[in-house]
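Trainee: Sharing a structure below in structure tokens format, with a few things to ask.
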Amino acid sequence: MLDGPHRTGLFAGSSMDCHSIGWQPQYDRPVSDMPLLSEYSLAFALFKTYAIPSISSLLLTTRQLSSQALVSRRYADTEILISTWVFCPLAGKLIGAKPDAPADDPRASLALARTNWLHSKYKISNDDYLYTLGLFMFEPAKWAEKFGWRKHSELERYASFVYWSEIGRKLKITDIPSTPESFEAWITDYEHKYAIPAESNLSVANHTMNELLFVVPHAFGLRAFAEGIARAMLDDKTRRAMLQPPAPTYAAPLIRTLLGSAAFIQKHLLLPRSRPGGSVKAELPPISGDVAPRMFPTRWTSKPWYKPASGLGAWDRVLVWLNWHDDVPREEWRSGGYRLHEMGPLRWEGEGHEEVMRNAAELQGCPIAKEWTASARGRLMERRFIRNVSIYRTGKFLRSTACTLARIRPCARP
């Protein structure tokens, strides 16, 4: 067992960053070893919060679940923000940087600050925040023990507690328990009191399930089969609170067989990973001094939010034909990439940037590098570029329409 100062509130009354004392690298080890399993465990941790009526009813009132496009945008943004906390250094320094090196990677601070700004728009109880934080903290280790090729070590489990506790403080969550044991006991008690059946739980769970299983067709009962497998991943209390039927009897053994086989192959037949894998790239994007960089995730939702077009678009059309995506990349889905300080509902995409930058600087402990704060001139240049592209596309469309109406051959491009 860990003892001494590591067991008694390491961060109590301190603003020390967990990266600078070595906890983030310890937490990153299982993330690097089992990135896909770690990300799925976080996704299901978030899904599990929908068994709490106060959380699910709030999500319904935001109206961000009223269409597939909004559901996929919310899922994409949530995955990117959380993955940025996980894969990017909280201290603003790349792992391995010299102690006196300047903070050159503000992505985690920007993601946390944008999350704070978005959360400020809603009335969310501290207990609901705390419950969500606790699931992010403990679910990855539980999944690794059940499905991974190795368990988390005790040091890694405690590193996860320290790491997510620091994230909780940066997200302005209070009353975080001082030990993992007390936090897990709090979560158990909270679920016993508040994870109760509600129609809002069912509605949010169904919206999310439809997004997660979009690629699975309804033909031949494949969607129903996949839904049964997904329900088997939930514990009985969570499933009942979501008003979901029991999973088929074959689902749990099938999951153990498939994931157990994958764990065996990964442990005995594959080489160690040379770099971590996840929804966001750990490497910094190309940076220009004129305008804040745009980035691209490595995985995409049903609507291809933030997915760049591939060459002439032939492969994108193939993916749509295969039902992997609902549409090809286009400006509507922000094919130019994302910026962390613009994430969230479409109506707030252009708001809160200055507040986010100020909060990110506070979280990081130093100003955000100017390359990440698009200058007024840079923003003006980008708006002009987007406007010119829009004018060109509109003119091209009008010329094509006029030619079609005149029943002549398509006009030549000028």
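Trainee: Consider H207 carefully, then state whether it is outside any helix (DSSP H, G or I), buried (at least 21 other Cβ atoms within 10 Å of the Cβ) and either in contact with a His (Cβ under 7 Å, 6 or more places away or on another chain) or not aromatic (F, W, Y) (or both). Give the steps one after another, and end with the answer.
Mentor: On the way: outside any helix (DSSP H, G or I): no; buried (at least 21 other Cβ atoms within 10 Å of the Cβ): yes; either in contact with a His (Cβ under 7 Å, 6 or more places away or on another chain) or not aromatic (F, W, Y) (or both): yes.
No, not satisfied.
Okay, residues lined up against (1) of a type in the set (K, R); (2) assigned to a helix (DSSP H, G or I); (3) surrounded by 22 or more Cβ atoms within 10 Å (Cβ to Cβ):
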site	(1), (2), (3)
A113	no, yes, yes
Y122	no, no, no
M137	no, yes, yes
A159	no, yes, yes
F183	no, yes, no
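Trainee: Then there is this: Conditions: (1) surrounded by 13 or more Cβ atoms within 10 Å (Cβ to Cβ); (2) assigned to a loop (DSSP other than H, G, I, E, B); (3) on the phi < 0 side of the Ramachandran plot. G344 meets all but one. Number of the miss?
Mentor: The one condition G344 does not meet is (3).
Trainee: Could you please let me know if S200 is within 17 Å of K237 (Cα to Cα) and either crowded, with 18+ Cβ neighbours inside 10 Å or in contact (Cβ under 8 Å) with a residue 40 or more places away in the chain (or both)? Spell out the reasoning first.
Mentor: Details: within 17 Å of K237 (Cα to Cα): yes; either crowded, with 18+ Cβ neighbours inside 10 Å or in contact (Cβ under 8 Å) with a residue 40 or more places away in the chain (or both): yes.
Yes; evaluated as a whole, the condition is true for this residue.
Trainee: If I ask for residues that are small (G, A, S) and closer than 16 Å to L37 by Cβ, which ones from the range 133-152 would you list? Show your work before the answer.
Mentor: Just the residues of the range 133-152 that are small (G, A, S), to begin with: 134, 141, 144, 148.
Those that are small (G, A, S) and closer than 16 Å to L37 by Cβ: A141, A144, G148.
Trainee: Within the range 148-168, can you find the residues that are under 23 Å from the mean Cα position of the chain (by Cα) and hydrophobic (A, V, I, L, M, F, W, C)? Don't jump to the end; show me each part of the working.
Mentor: In the first step, residues of the range 148-168 are kept if they are under 23 Å from the mean Cα position of the chain (by Cα); the result is 148, 152, 156-168.
Selection gives A159, F161, V162, W164, I167.
Trainee: On to the next question. Just to be sure, is P272 within 24 Å of F87 (Cα to Cα) and more than 24 Å from the chain's Cα centre (by Cα)?
Mentor: Details: within 24 Å of F87 (Cα to Cα): yes; more than 24 Å from the chain's Cα centre (by Cα): yes.
Taking the combined requirement at face value, the residue satisfies it.
Trainee: Do we have K193 as farther than 21 Å from N359 by Cα and exposed (fewer than 14 other Cβ atoms within 10 Å of the Cβ) here? Don't jump to the end; show me each part of the working.
Mentor: Numbers: farther than 21 Å from N359 by Cα: yes; exposed (fewer than 14 other Cβ atoms within 10 Å of the Cβ): yes.
So K193 passes the test.
This table checks each residue for (1) at pLDDT 90 or above; (2) aliphatic (A, V, I, L, M).
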site: G260; (1), (2): yes, no
site: L270; (1), (2): no, yes
site: P297; (1), (2): yes, no
site: K307; (1), (2): yes, no
site: G311; (1), (2): no, no
site: L319; (1), (2): no, yes
site: W324; (1), (2): no, no
site: P345; (1), (2): yes, no
site: V356; (1), (2): yes, yes
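Trainee: Turning to a different aspect of this structure: Taking interchain pairs and intrachain pairs at least six residues apart, which have beta carbon atoms under 6 angstrom, with the first residue in the range 169-190 and β-branched (V, I, T) and the second part of a helix (DSSP H, G or I) and surrounded by fewer than 16 Cβ atoms within 10 Å (Cβ to Cβ)?
Mentor: T174/N126
Trainee: For the range 50-68: of the residues being surrounded by fewer than 20 Cβ atoms within 10 Å (Cβ to Cβ) and polar (S, T, N, Q), which is modelled with the lowest pLDDT?
Mentor: Ranking the qualifying residues of the range 50-68, first place goes to S66.
Trainee: Same structure again: Please go through the range 163-174 and give me each residue that is surrounded by fewer than 20 Cβ atoms within 10 Å (Cβ to Cβ) and assigned to a helix (DSSP H, G or I), ordered by number.
Mentor: R169
Trainee: Check whether at least one residue in the range 306-321 is β-branched (V, I, T) and in a loop (DSSP other than H, G, I, E, B), and report yes or no.
Mentor: There is no residue in the range 306-321 that is β-branched (V, I, T) and in a loop (DSSP other than H, G, I, E, B).
Condition check ((1) crowded, with 18+ Cβ neighbours inside 10 Å; (2) assigned to a loop (DSSP other than H, G, I, E, B); (3) of a type in the set (F, W, Y)) across all residues:
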site	(1), (2), (3)
A230	yes, no, no
Q244	yes, yes, no
G260	no, no, no
L271	no, yes, no
S288	no, yes, no
P293	no, yes, no
P297	yes, yes, no
P304	yes, yes, no
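The values are calculated or read from the model by the stated rules, or taken from the named source; none is laboratory data. Predicted model only: the values in this text are computed from it and were never measured. So basically every Cβ, Gly included, is an ideal-geometry build from the backbone, and we count neighbours across all protein chains shown.
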